Amino acid sequence: MNKDKQPTIKVMLVDDHAVVRAGYRFLLSYHQDIEIVAEAGDGEEALSLLDQHQPDILVVDLTMPGMHGLEVLRKARQREQPPRVLVFTMHENTAFVEQALYSGAEGYLSKNSAPETLVEAIRCIAAGKPYIDATIAQNMVVQQTREKGSLFEGLTNREFQILCLFAEGLGIDDIAARLKLSSKTIANYLTLIKDKLQTGSTQELVRLAISKGLVSL
């Protein structure tokens, strides 16, 4: 009987590694209630496919060439019929989680999680419930008891992205080329970021980013 058959959850996968997307596709293909309606290798492609395929769930990585996953998330949520968004990434630091949730993500999952957790997260978000990786959620609770508010909550998505790239060792010109902005614009962003975080120099800014786990040494 088909009375109890669940409606299909339409999913779009956004990750810059084709082999990773293939792995997701293989995993999700075993579940009849989930259908991959589109895939994208970067943020620009993802946004161009949204209106055509109208996925229920957008599964998006954060670190991709060009448009950062946070920017994809923000723009996707501004659509007339926005998809629910699950961030699926290697970044487990609470600063990334907070930025994603502030931007409208319904879920956040680490790529270190068990494979079936992705299925669980998609179903949970499709049902209108938030989903956060259990380990990450525990870390957030611990951190929130230690400090009031997020150090980076005053930064925009673009500022946070530039901070991460700068902390990874990219120069102003390199960041400008990756984000398709002028070097002057990037320099202005860095000045603004330093002001917001109350750091006196770029070296201090990098040390702060490293101390908060935004980049691995």
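Overview of values
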| quantity | calculated |
| --- | --- |
| Which of H31, H68, H17 has the fewest Cβ neighbours within 10 Å, and the rest in rising order | H17, H31, H68 |
| Residues with amide H under 5 Å from that of I9, placed H, sequence gap 5 or more | I34, E35 |
| Residue order, fewest to most surrounding Cβ atoms within 10 angstrom, among Y131, Y108, Y30, Y24 | Y30, Y24, Y131, Y108 |
| Loop trypsin sites (Lys or Arg not before Pro), the stretch 1-98, which have at most 11 other Cβ atoms in a 10 Å radius of their Cβ (DSSP) | K3, K5 |
| Mean ellipticity per residue at 222 nm, deg cm²/dmol - from DSSP H runs of n ≥ 4 across the chain, formula -39500 (n - 2.57) | -15000 deg cm²/dmol |
| Projected label distance in nm at T117 and E153, using a 7 Å step from Cα toward the beta-carbon | 2.5 nm |
| Separation of alpha-carbon centers, the stretch 17-39 and the stretch 47-71, rounded to whole Å | 15 Å |
| Efficiency of FRET between M90 and K184 - r from beta-carbon atoms, R0 35 angstrom, step 0.05 | 0.65 |
| Dipole magnitude of the stretch 9-146 about its Cα centre (Cβ charges: Lys, Arg +1; Asp, Glu -1), debye to nearest 20 | 320 debye |
| Those aspartates and glutamates that a straight Cα-Cα span of less than 12 Å connects to K196, excepting residues fewer than 8 apart in one chain | E153, E159 |
| Fully extended contour minus Cα-Cα distance, from Q32 to V20, at 0.36 nm per residue | 2.3 nm |
| For the stretch 17-30, 3J(HN,Hα) per residue [Karplus equation, 6.51 cos²θ - 1.76 cosθ + 1.60, θ = phi - 60°, Hz, x = Gly/Pro] | 9, 4, 5, 5, 4, 4, x, 4, 4, 4, 4, 6, 5, 7 |
| Calculated FRET efficiency for the pair H53/D174, C-beta based, R₀ 41 Å, to 0.05 | 0.80 |
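Read-outs throughout are calculated quantities, based only on the coordinates presented, and are distinct from any laboratory measurement. Computed from a prediction, not measured in an experiment: that's the story for all the values here. Neighbour counts are summed over all protein chains in view; Cβ atoms, including those assigned to glycine, are modelled from backbone coordinates with ideal geometry.
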